[in-house]
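Reviewing the structure listed below.
The values are calculated or read from the model by the stated rules, or taken from the named source; none is laboratory data. Predicted model, so just to flag it, every value in this text is computed and none were measured. Every residue, glycine as well, gets a Cβ built from its backbone with ideal geometry; the counts of neighbours run over all protein chains shown. Side chains are part of the model used for accessible areas, which takes the heavy atoms of the whole protein and leaves out ligands, DNA and RNA. Shrake-Rupley method; radii C 1.70, N 1.55, O 1.52, S 1.80 Å.
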Amino acid sequence: MVFAKGDPGIAALYNKLLVSKDLWAFGEKLRTNFEETKSLTAGHRDLLEGDPYLKLRLGDSYITTLNVFQAYTLKRICDQNYNVTLRPHISKEIMQSSKSALELVTLNPTSEYAPGLEDTLILTMKGIAPGLQNTG
């Protein structure tokens, strides 16, 4: 189950955004070792082939999305000069709302980081940890 929860692609994103370049090769080696070890799991063509429900849950796109949000949020927290080109996809209800952004979202007023970063980080942790359960 732990191997099924591992995602080398997500690990590579965290590595690229948050680890110094001189350690990228180490991260690549870890991901290669993970894949090699996973391929040696005896008796199974595919991990969790006997538990389709759990296999489906582990491939949950919500957890992947939260990981991506978390990696970019951590990058913004660690490197205040890092900018992301925003392309918001806002629902029609919000676009047609007469409410200001301040009325729609309450952010932590005591955070030392740019508005919303600490809140986003906390929300991603609260979503990823229970989604991965014992390996979160």
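Things to note:
- Once backbone amide H atoms are built at 1.01 Å from N, residue 116 has 108 as its partners under 5 Å, excluding neighbours fewer than 5 places away on the same chain.
- Protection proxy ranking, highest mean first, for peptides 69-77, 10-18, 111-119: 69-77, 10-18, 111-119, where packing is the per-residue count of other beta-carbon atoms within 10 Å, averaged.
- Accessible area of the stretch 1-44 belonging to carbon and sulfur atoms, whole % at 1.4 Å probe: 64 percent
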